[in-house]
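**Student:** Once you've had a glance at the structure underneath, I'll fire off some questions.
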């Protein structure tokens, strides 16, 4: 994994600028701008569901508690991954505001299906659940984290804070993204670099985490070969 300093110093010579001895804490215009644009590039790339960002969360409900804290690095749900591990039923949501309000204030439709909504509670978002739990149940979902880099000690972060911080995303794509942003900030021609970034980004997105093999005949519900053991035939 490349460090912040190496990532920036890989880009600077390509746009005709000298490399930097330090980045964080360096008061030169180039260093300050490079750091700001490096963080902008990282935050932008993290809006895609790269596999390195995907985590699974399990929260345990408590009787009469209708809302629950989200992980500290939560950015967004990976939709259709919300389940109740205890009952093995789906969690339905996020529920629209009008449907939630009707559930709270309108006619009540009895149901055992859990529904959820994400909304503000004080200064932070919380996960609200209905019907309000009456016992301890494990609710689980996948989510995308906002921590796309890490400290030298391995602590995940949402922005670069030191020269030795490392990038968790693809180095090549990051450098292409930083390059066109630095050219644009300097009022220089950047369209070719932006085109290269978009093209390579699409390639990397397609390959990230591997790809499922698709059959030309469509999906198969049953594959006999998948359940045949390697030993014990005829036993």
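The values are calculated or read from the model by the stated rules, or taken from the named source; none is laboratory data. Here the structure is a predicted model, which means the values were calculated and not measured. Because the Cβ atoms are built from the backbone with ideal geometry, glycine has one as well, and the counts that use them run over all protein chains shown.
**Student:** Against the condition at pLDDT 95 or above, under 19 Å from residue 146 (Cα atoms), assigned by TED's automatic domain parsing to the domain that holds residue 188 and surrounded by 13 or more Cβ atoms within 10 Å (Cβ to Cβ), how does residue 31 come out, does it pass? Walk me through how you get there before you give the answer.
**Tutor:** Values: at pLDDT 95 or above: yes; under 19 Å from residue 146 (Cα atoms): no; assigned by TED's automatic domain parsing to the domain that holds residue 188: yes; surrounded by 13 or more Cβ atoms within 10 Å (Cβ to Cβ): yes.
Answer is no for this residue.
**Student:** Examine region 158-170 for a residue that is over 15 Å from residue 2 (Cα atoms) and either modelled with pLDDT of 95 or more or touching a strand residue (DSSP E or B) at 6+ places or on another chain (Cβ under 8 Å) (or both), and state whether such a residue exists.
**Tutor:** yes
**Student:** Would it be correct to say that residue 75 is over 30 Å from residue 154 (Cα atoms) and either part of a loop (DSSP other than H, G, I, E, B) or not assigned by TED's automatic domain parsing to the domain that holds residue 165 (or both)?
**Tutor:** no
**Student:** Follow-up. Out of everything in region 13-28 that is touching a residue at least 24 places away in the same chain (Cβ under 8 Å) and closer than 16 Å to residue 163 by Cα, what residue ends up being surrounded by the most Cβ atoms within 10 Å (Cβ to Cβ)?
**Tutor:** 23
**Student:** Next up: Checking the condition assigned to a loop (DSSP other than H, G, I, E, B), surrounded by 12 or more Cβ atoms within 10 Å (Cβ to Cβ) and at pLDDT 95 or above, which residue from 140, 147 passes?
**Tutor:** Only one candidate passes the filter, namely 147.
**Student:** Identify all residues within region 1-21 that are modelled with pLDDT of 95 or more and within 22 Å of residue 154 (Cβ to Cβ); write none if there are none.
**Tutor:** Selection gives 2, 3, 4, 5, 6, 7, 8.
**Student:** To continue, here is another question. Would you mind finding the one in 103, 113 that is farther than 17 Å from residue 144 by Cβ, touching a strand residue (DSSP E or B) at 6+ places or on another chain (Cβ under 7 Å), in a loop (DSSP other than H, G, I, E, B) and at pLDDT below 95?
**Tutor:** 113
**Student:** Criterion first (surrounded by fewer than 16 Cβ atoms within 10 Å (Cβ to Cβ), assigned by TED's automatic domain parsing to the domain that holds residue 134, touching a residue at least 12 places away in the same chain (Cβ under 8 Å) and closer than 13 Å to residue 139 by Cβ) does residue 69 satisfy it?
**Tutor:** The answer is yes for residue 69.
**Student:** For region 9-66, how many residues are touching a helix residue (DSSP H, G or I) at 6+ places or on another chain (Cβ under 9 Å), within 30 Å of residue 140 (Cα to Cα) and assigned to a helix (DSSP H, G or I)?
**Tutor:** So the count comes out to 3.
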